[in-house]
Structure formats: C-alpha cells, structure tokens
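Trainee: The following block contains the structure, expressed as structure tokens.
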Amino acid sequence: MTGKNVLSVEDYEICNKLKSMRFSGMAEALEEVLADPNAELLPFREKIQRIVDAEWNLRYSKKLNRFIKKATLKYPAADLDETLYNPERQLDVHIIEELSKCDWIDQGKNLVITGKTSSGKSYLANALCICALRQFKTARYVKASQLINELSKAEKLDTYQEELALYAGYDLLVVDDFGLMNMDVNKCLLLASL
C-alpha cells in the first residue's frame, strides 16, 4: 500500500498563492498531484492538464450554477436521462436530441410542448432549459399566471416597457402552465408583446 507524499513548505506556499489568486481548483489539483507518490510516473503535460482541467471544471460548474439559479427553474436538476428512451413515454427521441443542441434558440424559433397533465412537459422544458444554460445562454422559467401578473403590475406602475425588455432579453423564456390559468383576454394580450 502506498501512502501520500508529505507536502513541503514550498508546495504549500505555491498552493496558497494559487488560492490567493482565486485559482482554488488548480490549488486543490496541485495538492493532489504533489501528494500522489505515483505522480512522477505521469508525463508533465498530463499533470498540467489535470491541474488546468480542475480549475476550468470548477469555474464552469460555478458559472452554470449561477445561470441555473437565475433561471428560477421548477426542476433545477432536470436532465435528458435514460427515461427519455422509455418506449412507454412515446417520445420522439430524435427530435428531443436535436432540440437539446439548442440551434432552434439561436434561430429565434419558438417551441410549444403539449401533452396530458403529469406527462412530464414541465420537466422536459426544464431539461431543455438546462441544455441551453450549459451553453451559457440566458434563460428564465416562469409560470404563465406569474408572468401575466408581473406584466400587469408593471403596466400599473408604468414600468411595463422595462419589464417587457427584461423578459424579451432572455435567449430562452420558458412559459409553463399556459392553459392552467384563468383566461383574461386583456391580461393575455400582455403576452402578445413578447
């Protein structure tokens, strides 16, 4: 059984410098490489690759988590997993895989997901939203009733144009439960501006 190498004072100083420069992913990966007794067997390029990848992955994850939080998703952990391929769901997997590439967003196209109640429409919409967020597209999830209420409130406060610009500024706006609200025609007209 091989133990870990003991880090020298110089090793700790290097790691602390990285941390003070906010390269905590690199610092942690460097500590792991320096503590690994078999690290001498690894080529220099592979060591550097591990260290740089650790920092890149940490920053990517933090940024993605910020984007997910700002999107106010109903299912922030939604994913296009193996349940997508369950034949009982009767989903056109090819279309969903194409949608997950998010080209339709770049092309300015809309997507309407229809189906029975509790068939997973909201979850699928959230999973597609996360696909867009992974590409660092801006996104927002909102229920139709909440959106209409916010636009109606903004209209009364004379901030309608600002609120409209906010929603129109997202790369992807997911409006959920559109058919589950009271259909006030005047309030629904507020959505026509989006």
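Trainee: Do any helices (runs of 4 or more DSSP H) entirely within segment 1-108 hold 3 or more residues that are touching a residue at least 40 places away in the same chain (Cβ under 8 Å) and open to solvent by less than 100 Å² (accessible area, probe 1.4 Å), and if so, which? Explain how you work it out, then say what you get.
Mentor: Details: elements: 9-20, 24-35, 44-71, 93-99, 103-106.
Here the list reads 44-71.
Trainee: Right, here's the next one. Could you list, in sequence order, the residues of segment 152-194 that are hydroxyl-bearing (Ser, Thr, Tyr) and either at pLDDT 85 or above or under 25 Å from the mean Cα position of the chain (by Cα) (or both)? Reasoning before the result, please.
Mentor: Taking segment 152-194 and keeping what is hydroxyl-bearing (Ser, Thr, Tyr), we get 152, 159-160, 167, 170, 193.
Result: 152, 159, 160, 167, 170.
Trainee: Another question, then. Mind checking whether some residue in segment 120-136 is within 17 Å of the chain's Cα centre (by Cα) and in a loop (DSSP other than H, G, I, E, B)?
Mentor: yes
Trainee: Return yes when residue 122 is out of contact with any helix residue (DSSP H, G or I) (no Cβ under 8 Å at 6 or more places or on another chain) and open to solvent by less than 50 Å² (accessible area, probe 1.4 Å) and no when it is not. Working first, answer last.
Mentor: Numbers: out of contact with any helix residue (DSSP H, G or I) (no Cβ under 8 Å at 6 or more places or on another chain): yes; open to solvent by less than 50 Å² (accessible area, probe 1.4 Å): yes.
So residue 122 fits the description; yes.
Trainee: Please go through segment 113-151 and give me each residue that is under 27 Å from residue 56 (Cβ atoms) and either among the charged types (D, E, K, R) or modelled with pLDDT under 90 (or both), ordered by number.
Mentor: Result: 134, 137, 140.
Trainee: I've got another one for you. In segment 148-178, what residues are closer than 19 Å to residue 133 by Cβ and buried (at least 16 other Cβ atoms within 10 Å of the Cβ)? Before you say what the answer is, go through the steps one by one.
Mentor: Of the residues in segment 148-178, the ones closer than 19 Å to residue 133 by Cβ are 166-176.
Passing the criteria: 167, 170, 171, 172, 173, 174, 175, 176.
The values are calculated or read from the model by the stated rules, or taken from the named source; none is laboratory data. Only a predicted model underlies this, so the values are computations on that prediction, with no experimental measurement involved. Reconstructed Cβ throughout: ideal geometry from the backbone, glycine too, with neighbour counts over all protein chains shown. All accessible areas refer to the heavy atoms of the entire protein, side chains included, with ligands and DNA or RNA removed. Shrake-Rupley method; radii C 1.70, N 1.55, O 1.52, S 1.80 Å.
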